[in-house]
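Derivation of every value follows stated rules applied to the coordinates shown; laboratory data play no part. All figures in this text were calculated on a predicted structure; none of them were measured in a lab. Ideal geometry is used to build each Cβ from the backbone, glycine not excepted, and the neighbour counts take in all protein chains shown.
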Amino acid sequence: MFFKIFDTHSHYDDESFNEDREDVLNKQFDSGVKKILNCAVDIDSCKETINLVNKYDFIYGACGIHPSYSKYYYKMSYIDDLYEYHKENKILAVGEIGLDYFYKDLDVCIQKEIFKEQLDFAKQLNKPVIIHCRDAHNDTLSIVKEFMPIRGVIHCFSGSLDIAKEWVKLGFYLGIGGVVTFKNAVKIMEVVKEIPTEYLLTETDCPYLSPVPLRGKRNESINIEHIIRKISEVKNEDFYKIADTLYKNALKFLNL
């Protein structure tokens, strides 16, 4: 392999890796995946992420509370725990945080409060944020603007080209995952085509969202090769040039 991969969004602490986590992770590095960012979703996940970054030189972490878990931390002093986890040198970002309006049983007001608390936390630490945004593009954008200047990425970007341009104006990156390889992914392919490569990051969200031709299988970081190929195809640019830019984007984003 003559190119390097940086998976900027993974969940290797997920239970689907419990049986073979060490073998899978060692395979990633041996196959050209030079760096991985593992993103926590709750306090237990933060602890597991700390374990991973301490065990593997090429793994870094993000610690935060995912909107799906926000109801469990409402009116609690979870920020104190996050402060402790972020003392670790390899915890480079606050995430995965954000808003999710897809699931109707998630209280919007609680989500917003937890999101704002963590944006403020990230700003205090001067760390970038990993933002989950599902069916909540306008509210997410509006809230983030309240905390500017702040750096971040919109994980698994699924918005329109107009929304993408708004994020780029703020200096944010757009996370591009396996969805870009799907046949019906017209909207994200338009975004990839029009937004400069310098504002894109590659990610898996593994074990989820495996790219074509691996849909339905457990996702792994090495599968980002398929995502890079799709990006280079959509942009009609050299694969290795695109791969190099995407890798450098990740380094810049996380100050590595």
3J(HN,Hα) from dihedral phi, segment 198-211, Karplus parametrisation 6.51/-1.76/1.60, rounded to Hz, x for glycine, proline: 4, 10, 10, 10, 9, 8, 10, 6, 4, x, 9, 6, 4, x
Segment 5-253, relative contact order [Cα under 8 Å, separation at least 6], %: 18 percent
Pair-distance profile P(r), taking every C-alpha pair of segment 71-117, with 10 angstrom steps and integer %: 22, 49, 24, 4
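Within segment 172-256, report the GluC sites (Glu not before Pro) that DSSP leaves as loop and that have at most 14 other Cβ atoms within 10 Å.
Details: sites: GLU190, GLU194, GLU198, GLU203, GLU220, GLU225, GLU233, GLU237; in loops: GLU203, GLU220, GLU237.
Hits after loop and neighbour filter: GLU237.
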Which of MET189, MET148 has the fewest Cβ neighbours within 10 Å, and the rest in rising order: MET148, MET189
Scaled radius of gyration (Cα, divided by 2.2 N^0.38 Å) that segment 5-253 gives: 0.94
Additional length obtainable on full extension of the chain from SER160 to LYS217, 0.36 nm per residue less Cα span: 17.8 nm
Helix-derived mean residue ellipticity, 222 nm - over the chain, DSSP H n ≥ 4, -39500 (n - 2.57), to 500: -12500 deg cm²/dmol
Distant-in-sequence amide H partners of THR204 (H built 1.01 Å from N, under 5 Å): THR8, HIS9
Shape category assigned to segment 72-205 from the gyration tensor of Cα positions, a/c cut at 1.5: prolate
Partnerless Cys - the chain, beta-carbon criterion under 4.7 Å: CYS39, CYS109, CYS133, CYS156, CYS206
Packing-based exposure ordering (other Cβ within 10 Å, fewest first) of HIS86, HIS132, HIS155: HIS86, HIS132, HIS155
Of the trypsin sites (Lys or Arg not before Pro) in segment 113-216, those whose Cβ has at most 16 other Cβ within 10 Å and which sit in DSSP loop: LYS183, ARG215
Extension gain, LEU256 back to GLU84 (0.36 nm per residue minus Cα-Cα distance, nm): 59.8 nm
Set LYS4/LYS123; LYS35/LYS112; LYS35/LYS104; LYS165/LYS248; LYS87/LYS187 screened for pairs whose C-alpha atoms are more than 27 Å apart: LYS4/LYS123; LYS35/LYS112; LYS35/LYS104; LYS87/LYS187
Scattering profile of segment 158-252 at q = 0.21 Å⁻¹ [log10 I(q)/I(0), Debye over alpha-carbon scatterers]: -1.06
Relative exposure of TYR83, TYR12, TYR103, judged by other C-beta atoms within 10 Å (fewest first): TYR103, TYR83, TYR12
